[in-house]
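*Asks:* Supplied in C-alpha cells, the structure appears directly below.
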Amino acid sequence: MILSMTGFGRAVKQIPNKKLTIEIKTLNSKQLDLNVRVPSFYRAKELDIRSILAKSIKRGKVEFNLFAEVTGSDSPYTVNTQVVTGYINGLKKVYDFLPEQDYLAMAVKFPDAVKTVREELSDEEWEEVSILVKEAVDNLLDYRKVEGQSLYTELNLRIDNIAELLTEIPQYEEERIKTVRERISKNIDDLKINIDNNRFEQEMIFYIEKLDVTEEKVRLDHHLKYFKEELDGSESMGKKLGFISQEIGREVNTLGSKSNHSQMQRIVVQMKDELEKIKEQVLNAL
C-alpha cells in the first residue's frame, strides 16, 4: 500500500478548564523533519510528542501545532495586588489629577503587575494530551491513505503506458537493421574502392550487434514489473520506487542512444515523458 507524504490531521478535545486543538500538516521531504509548536505549559513533554510523531509518520516535513484555550474559571494569570498598589501610589504622587481608573489602567501595564501561576502538568492531563496526539496522527494517516490511492492510480497508469510503448519497438527493429546495412553499403559504394566482402560482413555483424537492444528491452520489462510489485506491496516504499525509476531511466536512455531509427526515437521520447511524470509523483510517496 502506497502512502502520500502530503497529509493533514486534526483533533479537538475538551478537558477540565481547557479546550485542546491539535493540527498536523505534512509535506514531502527526504527525511523526517519535525517542527513542533506547543504552549509553554506542555514544553516538558515536547520530546514525548516528537517520539509519538516519529514512530507513525516516519518521513516528511511535519508541522505540529498544539493549541490550548482556557475555558474554565481558573486563569493562569493573577494580578500582583501589592505591586499594583505600589504603582498606583507612586503615580498619584506624580499625577494627582487623574481619575482613579486611569491610575489602575496605567499600573497594570508596568512590569510584574500580572504574574503567571505555573502549575505542574498532571499525569492525567498528559494522558489526555497524548491520546489526542495519537488521534490527530491517525487522522493524518487516513488522509495519507486517500492521497496514496490517487498516487497508486497515477503511477500504475504511467508504468502501463511505458510497458505499452515497449511493445511497439520490435516492429521497427528489422527495418532499422536493414536501413543501417543499406546506408553503410551505399557509403562504401560511393567511395568506389574494393573491399574484402568477408571482412565487410564480419564488421557489419559486429556493428549491428552493438545496436542490438534485446538486453535493454528485457531489463526494462523487468524493472517495470518490479516497480508494480513494490507498488502493490504491503508497505509504502517511496525511496525504493525512486531507485527503480532511476534504473528504468537508464534503460530508456540506452534504448534512445541505440535506436538509430526515427520511430524508435519517437517512442523513447514518449517513454521519457511518462518517466518524468513518474518521478514527480514518486517524490510525494512515503
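The values are calculated or read from the model by the stated rules, or taken from the named source; none is laboratory data. Not measured: the values here are computed from a predicted model. In this analysis, Cβ positions are derived from the backbone assuming ideal geometry, glycine residues included, and neighbour counts consider all displayed protein chains.
*Asks:* So which pairs qualify, if the first residue must be in the stretch 250-270 and closer than 19 Å to I159 by Cβ, the second must be acidic (D, E) and not in a helix (DSSP H, G or I), the Cβ gap must be under 7 Å, and the two must be at least 6 apart or on different chains?
*Replies:* I267/E168
*Asks:* Please pick out the residue among E251, E276 that is at pLDDT 95 or above, surrounded by 15 or more Cβ atoms within 10 Å (Cβ to Cβ) and acidic (D, E).
*Replies:* Every option except E251 fails the conditions.
*Asks:* Continuing with the same structure: Can you go through I184, I162 and tell me which one is assigned by TED's automatic domain parsing to the domain that holds D212, at pLDDT 75 or above, hydrophobic (A, V, I, L, M, F, W, C) and surrounded by 15 or more Cβ atoms within 10 Å (Cβ to Cβ)?
*Replies:* On the way: I184 fails: at pLDDT 75 or above.
After applying the criteria, what remains is I162.
*Asks:* Can you tell which of E63, E46, E69 is of a type in the set (D, E, K, R), in contact with a Lys or Arg (Cβ under 6 Å, 6 or more places away or on another chain) and either under 30 Å from E154 (Cβ atoms) or without any contact (Cβ under 8 Å) to a residue 12 or more places away in the chain (or both)?
*Replies:* It is E63.
*Asks:* Out of all the residues in the stretch 1-16, which are part of a loop (DSSP other than H, G, I, E, B) and either aromatic (F, W, Y) or farther than 10 Å from Y143 by Cα (or both)?
*Replies:* M1, I2, P16
*Asks:* For the stretch 18-53, give me each residue that is exposed (fewer than 15 other Cβ atoms within 10 Å of the Cβ) and in contact with an Asp or Glu (Cβ under 7 Å, 6 or more places away or on another chain).
*Replies:* K19, N35
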